[in-house]
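What follows is calculated from the coordinates using simple rules that are stated; it is not laboratory data. Since the structure is predicted, the reported quantities are computational estimates derived from the model, not experimental observations. Here Cβ is always computed from backbone atoms with ideal geometry, including for glycine, and neighbour counts include all displayed protein chains.
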Amino acid sequence: MKVQVLQHVPFEGLGSIADWLSKRRASVQFTRFYQSPVLPDLRSVDFVIAMGGPMSVNDEREFPWLKAEKAFIKEAVRRGLPVLGVCLGAQLIASALGARVFANAHREIGWFPIQSVNGNTGAFRFPEQTTVFHWHGETFDLPPGALHLARSSGCEHQAFQVGASALGLQFHLETTPESADQIIRHCRDDLVPGEYVQSEDELLAVADEAYRGINRLMDEVLSYLTIKWC
């Protein structure tokens with residue numbers, strides 16, 4: 001399995017996804033936009049993973065590579081390749097497919113529950129309710145034809161699916177204690193008190209099982225998207 005990771009900042013890497021890929025002996029290549037915005041030929045790619053980042057998908061003037069990245073993602077979805085978008089990555093999928101990305105009513109940072117949106121036959125099913133790690137201030141409309149998979153009190157569109165193999169997750173199931181520490185170190189300025197913003201102490205106070213739980217759910221997402229290779 002040839003995996004192309006789209007990474008936007010050095011402190012938002014694969015987290016637990018790296019272990020899942022390693023166990024399956026996947027060939028993993030990176031486009032690190034903060035170093036060189038070079039994208040491969042999609043004919044050499046089996047799976048696209050778009051990670052998070054503090055920029056907006058609307059910041060094309062400041063980050064001109066966003067336009068090419070969206071075109072790359074749109075073509076990957078059109079070809080039916082497995083595509084996973086995490087936080088900014090989910091917003092990129094939405095934008096690439098013609099949906100609006102905009103400021104959410106609430107900044108959502110911390111460990112908060114999401115609720116499954118039931119009734120989507122043939123789509124990935126999240127637990128009825130589960131607590132996950134969030135770090136975002138923007139949201140999106142659902143792309144045309146997308147299935148709504150999850151919501152939260154602070155954000156209606158938490159997850160969606162397009163076709164059989166493209167998933168956008170507004171939240172971070174890949175988070176480990178190490179990656180949580182990294183994002184806190186680099187994005188402390190986001191921790192402005194709010195209804196859905198936890199303090200640094202609250203963010204780090206969770207038990208190890210909280211990380212293991214979301215990582216197991218990420219494993220399920222990855223297996224669902226790549227069933228033909230697993």
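Short-range pairs are left out: with C-alpha atoms under 8 Å and at least six residues apart, the relative contact order of segment 2-225 is 20 percent. The stretch between Asp201 and Glu220, if pulled fully straight at 0.36 nm per residue, gains 3.9 nm over its current Cα-Cα span. Close amide H partners of Gln170, meaning residues 5 or more places away or on another chain with modelled amide H under 5 Å apart, are Cys87, Ala159.
Extension gain, Arg212-Met1: 0.36 nm per intervening residue step, less the Cα-Cα distance, totals 73.5 nm. Under the combined filter of DSSP loop state and at most 13 neighbouring Cβ atoms within 10 Å, segment 40-75 retains these trypsin sites (Lys or Arg not before Pro): Arg61. Segment 1-42 and segment 101-158 have Cα centres lying 24 Å from one another. Rounded to two decimals, the Cα radius of gyration of the chain over 2.2 N^0.38 Å is 0.93.
Here the label points at Arg78 and Val192, each 7 Å from Cα along the C-beta direction, are separated by 3.9 nm in the simple model. The calculated 222 nm mean residue ellipticity attributable to helices in the chain amounts to -8500 deg cm²/dmol, summing -39500 (n - 2.57) over DSSP H runs of n ≥ 4 and dividing by all residues. With the simple model of a label 7 Å out from the Cα in the direction of the Cβ, Arg185 to Ser27 spans 3.3 nm.
Taking the three principal axes of the alpha carbon atoms in segment 142-230, the coordinate ranges are 40, 29, 21 Å, sorted in descending order. Extension gain for Ala18 to Gln129 (0.36 nm times residue separation, less C-alpha to C-alpha distance): 37.4 nm.
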